[in-house]
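Peer 1: What follows is a structure written as structure tokens; I'll ask about it next.
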Amino acid sequence: MSDNDLDGVAPPWFEKTRAIINCELDRILPGQNDYPETIHRAMRYAVFSGGKRLRPILCLEAGRFFGRDDEGLLRVCIAFELVHAASLIHDDLPALDACEVRRGKPSCHEVFGEAVAILAGDALLVLAFEALAGNTVISEVLRLRLVQELAHAIGTRGGMVAGEIADIETPTPTVSRASIQFINLAKTAALIRTALRAGARYAGAEERDISVLDAYGQNVGLAFQIADDLLDVAGAPETLHNTTCSDAFRRKATYPDVYGIGEARDIATQFVISACRLLKPYGERASRLIQLAEYAIAGVCHI
Ligand code: GRG
């Protein structure tokens, strides 16, 4: 995805925030000429070949929502993009989704080969934890909490790996509404919710406010995954999400399979409406988070 592809559908402030996240990613990632060069080039390729940076931006906006905006917060944010990048590399592999193109460019394994791509995914994943655990701006107690919550969001108890395995093992023709909901909650919403909670925790938010952001994140995550699936069937790669791997080819289950395109669109819209309603008590202060919720389905659904 080129930077210009975001014009028109992203909030006006989005691009500037994305650039801040990109700077921090550039700072944390090993240089492409650092030994061993191949793996560092593959990691950088996967991270910098495009991407909206939605998860770190949600984390940053959650921190800002509770009054913090500093280097320590940025370092928390980028952990979520590193995990996301790792998951995309692995997801694209021939053994999983078999996607040759990601963000309009050859996927990581197409450029570097499968072995390097697997290792690049592994390396990005551990770099995320290194960044979080080494974030000395944060107290050790909070750091441990953030590390544990991130690990949980990736793992097999309702996290990304759980979502991915359920996705692989659920045959499309028989997929139930409950299964598709579980898959989307685990593979997509878990990381988004955790990013929001992390930003809020970093900023010292109260548990009841953290719960509100968590619920907002669940709604946004579910809407976002449906929008992603709708783009796969309806196509509009220039607007928001642009993978070229085909869920239909892999027979992976999607909301449009289960509900049809029209109802899937309505459900995604309802999730965004619910997300925004949760933030209503916060008034104007929530405007950026509301814009991000709307952005999650931009180009696919109309609110
Ligand atoms: C964490 C290494 C690791 C593996 C976990 C492979 C896997 C197991 C999970 C895959 C989960 C996955 C790919 C979910 C799809 C979520 C999704 C909607 C991706 C598209 O996100 P965008 O649109 O992508 O934010 P950009 O290109 O903008 O970064």
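The values are calculated or read from the model by the stated rules, or taken from the named source; none is laboratory data. These numbers were taken from a predicted model, which means no experiment stands behind them. Glycine also receives a Cβ, built like all others from the backbone with ideal geometry; neighbour counts cover every protein chain displayed. For accessibility, only protein heavy atoms count, side chains too; no ligands or nucleic acids. Shrake-Rupley method; radii C 1.70, N 1.55, O 1.52, S 1.80 Å.
Peer 1: At GLU15 and VAL111, where each label point lies 7 Å from the Cα along Cα→Cβ, what is the point-to-point distance in nanometres?
Peer 2: That separation, rounded to one decimal, is 2.3 nm.
Peer 1: Next up: For ASP122, project a label point 7 Å along Cα to C-beta. Then give me every residue of the range 161-178 with its amide nitrogen under 19 Å of that point.
Peer 2: Label zone hits: 161.
Peer 1: Test of the criteria: in the range 50-100, which chymotrypsin sites (Phe, Trp or Tyr not before Pro) are in a DSSP loop and have at most 11 other Cβ atoms within 10 angstrom of their Cβ?
Peer 2: On the way: sites: PHE65, PHE66, PHE80; in loops: PHE66.
Answer by residue number: there is no such site.
Peer 1: Could you work out what % of the accessible surface of the range 1-145 is carbon and sulfur, using a 1.4 angstrom probe and leaving DNA, RNA and ligands out of the count?
Peer 2: 55
Peer 1: If you don't mind, another one. So which aspartates and glutamates pass the test for LYS52, namely a Cα distance under 16 Å, with those fewer than 8 places away in the same chain ruled out?
Peer 2: Within reach: ASP3, ASP5, ASP7, GLU15, GLU24, ASP26, GLU61, GLU81, ASP228, GLU238, GLU294.
Peer 1: Right, here's the next one. Just flag the trypsin sites (Lys or Arg not before Pro) in the range 143-238 sitting in loop per DSSP whose Cβ has no more than 10 other Cβ atoms within 10 Å.
Peer 2: Counting only loop positions with at most 10 other Cβ atoms within 10 Å, the trypsin sites (Lys or Arg not before Pro) in the range 143-238 are ARG157.
Peer 1: How many Å² of accessible area per residue for the chain, probe 1.4 Å? Present the calculation step by step, with values, prior to reporting the outcome.
Peer 2: On the way: 12740 Å² over 303 residues.
Result: 42 Å² per residue.
Peer 1: Are any of the pairs LYS16/LYS252; LYS16/LYS187; LYS105/LYS252; LYS252/LYS280 more than 25 Å apart by Cα-Cα distance, and if so, which?
Peer 2: LYS16/LYS252; LYS16/LYS187; LYS252/LYS280
Peer 1: Tell me which DSSP H helices of the chain clear both cut-offs, 27 Å or more of axial length from alpha-carbon atoms and a mean Kyte-Doolittle hydropathy of at least -1.0.
Peer 2: What comes out of the filter, once short or polar helices are dropped, is 71-92, 114-133, 207-234, 261-279.
Peer 1: Counting other Cβ atoms within 10 Å, which GluC sites (Glu not before Pro) in the range 74-136 have at most 16 and lie in a DSSP loop?
Peer 2: Those satisfying the criteria are GLU100.
Peer 1: Explain nothing, just the number: dipole magnitude of the chain about its Cα centre with +1 on each Lys and Arg Cβ and -1 on each Asp and Glu Cβ, in debye rounded to the nearest 20.
Peer 2: The dipole magnitude comes to about 680 debye.
Peer 1: Considering only protein heavy atoms, what is the solvent-accessible area of VAL137 at a probe of 1.4 Å, reported in Å² to the nearest 10?
Peer 2: 80
Peer 1: With charges only on Cβ, +1 for K and R and -1 for D and E, what is the dipole size of the range 61-107 about its Cα centre, in debye, rounded to 20?
Peer 2: 80
Peer 1: Report the relative contact order of the range 1-125, percent, no decimals, based on alpha-carbon pairs under 8 angstrom and at least 6 residues apart. Please list the in-between numbers first.
Peer 2: On the way: 127 pairs, mean separation 33.2, N = 125.
Answer for the range 1-125 is 27 percent.
Peer 1: Something else: Per-residue counts of other Cβ atoms within 10 Å, averaged by peptide: what ranking do you get for 279-287, 16-24, highest first? Intermediate values should be presented prior to the final figure.
Peer 2: On the way: 279-287: 12.3, 16-24: 16.2.
In decreasing order of mean packing, 279-287, 16-24 become 16-24, 279-287.
Peer 1: At a Förster radius of 41 Å, what calculated FRET efficiency corresponds to the Cβ-Cβ distance of GLN32 and LEU144, to the nearest 0.05?
Peer 2: With R0 = 41 Å, the Cβ-Cβ based efficiency is 0.80.
Peer 1: Would you mind calculating the gained length between THR174 and ARG157 on full extension (0.36 nm times residue separation, minus the Cα-Cα distance), in nm to one decimal?
Peer 2: 3.8 nm
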